[in-house]
1. Pairs of Cα atoms under 8 Å, at least six residues apart: use those to get the relative contact order of the range 5-119, whole percent.
2. Report, in degrees rounded to the nearest 10, the 0 to 90 angle that the Cα long axis of helix 156-168 makes with the longest principal axis of the chain.
3. Show that you can apply the helix-only estimate: for the chain, add -39,500 (n - 2.57) for every DSSP H stretch of four or more residues, divide by all residues, and state [θ] at 222 nm to the nearest 500.
4. Can you give me the Rg/Rh ratio for the range 5-119, using Cα atoms for both radii and the Kirkwood formula for Rh?
5. Just subtract the alpha-carbon distance of residue 119 and residue 141 from 0.36 nm times their residue separation and send over the number in nm, one decimal.
6. Work out, step by step, the length gained on full extension between residue 37 and residue 158: first 0.36 nm times the residue separation, then minus their alpha carbon distance; give nm to one decimal.
7. Classify the range 161-238: rounded, prolate or oblate, from the alpha-carbon gyration tensor (a ≥ b ≥ c, eigenvalue square roots; a/c under 1.5 rounded; otherwise prolate if a/b is larger than b/c)?
8. Report the trypsin sites (Lys or Arg not before Pro) located in the range 166-238 that are in a DSSP loop and have at most 15 other Cβ atoms inside 10 Å of their Cβ, or state none.
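Every number here is computed from the coordinates shown, using simple stated rules; none is lab data. Just so it is clear, the structure is predicted and the values come from calculations on it, not from any experiment. Methodologically, a virtual Cβ is constructed for each residue, glycine included, from the backbone with ideal geometry; neighbour enumeration extends over all protein chains shown.
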Amino acid sequence: MLEPVTIIVNPVAGKGRARRQAEQATSGLRERGLEVEVLSTQRAGEAGALAERTVENGCRTVLVCGGDGTISEVLPAIASTQTLFGVLPFGTANDFARALGIPRQLPAVLDRILTAEPACLDLGRVGDRHFATVAAFGFDANVSQAMAEGRAPLSGTIGYLLAALSGLRRYQPPEIHIKGDFGANVERVYLVATANTRSYGGGMQIAPHADPTDGLLDVCTVSGEISRATALSILPQV
């Protein structure tokens, strides 16, 4: 007997696509003999609480149907437990799923869930918060907040670029202390990105060699000593 599965779905992710795909995934998994419970978030931040309750109730497999934001809410409840974690990648950005090569077609996703061998993945941590893709500091964090709050004119990579180009013109790069296995530096920066995956922001390749299975985090900095014009010219190439 296959073990029960809980799907945590953000119904507004991907402009409603996640809700529709979760319904189809539920039917598909039940047809394959699995017992499926679906938990739908009603407000921002609720996915984490639903995941905690699911783990406490002993569920061994949790699937997240949504995007990177929903995944980031669920991860703290899943990390360091024996609960298996899977993704139905139907949000807006889906950088975490892209890094793992998870297909975007539902039948292929379900086949992967049912046949793939479990694997351990790296997570980063900032304070008591885990991240699966990229944690960024600088003007980029302002852009990410604008994207999350719906203040960007478009979604995805194009929306990110437009918001970044606008925000960078007004940003004053601060001086920071940065330390890692590369040494310690004091410098002014437009951006520091600590990457577990290659991309974020819907496909922005900030760290092309990052691998969420290698036990390492890649660090990318954009120096505050370069001109804004140079920084603006770099962004579309990422």
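1. 29 percent
2. The helix 156-168 is inclined about 30 degrees to the chain.
3. -10000 deg cm²/dmol, from helical runs alone.
4. Taking Rg over the Kirkwood Rh, I get 0.92.
5. Extra length available between residue 119 and residue 141 comes to 4.9 nm.
6. Here the segment from residue 37 to residue 158 would lengthen by 40.0 nm.
7. oblate
8. 169, 170
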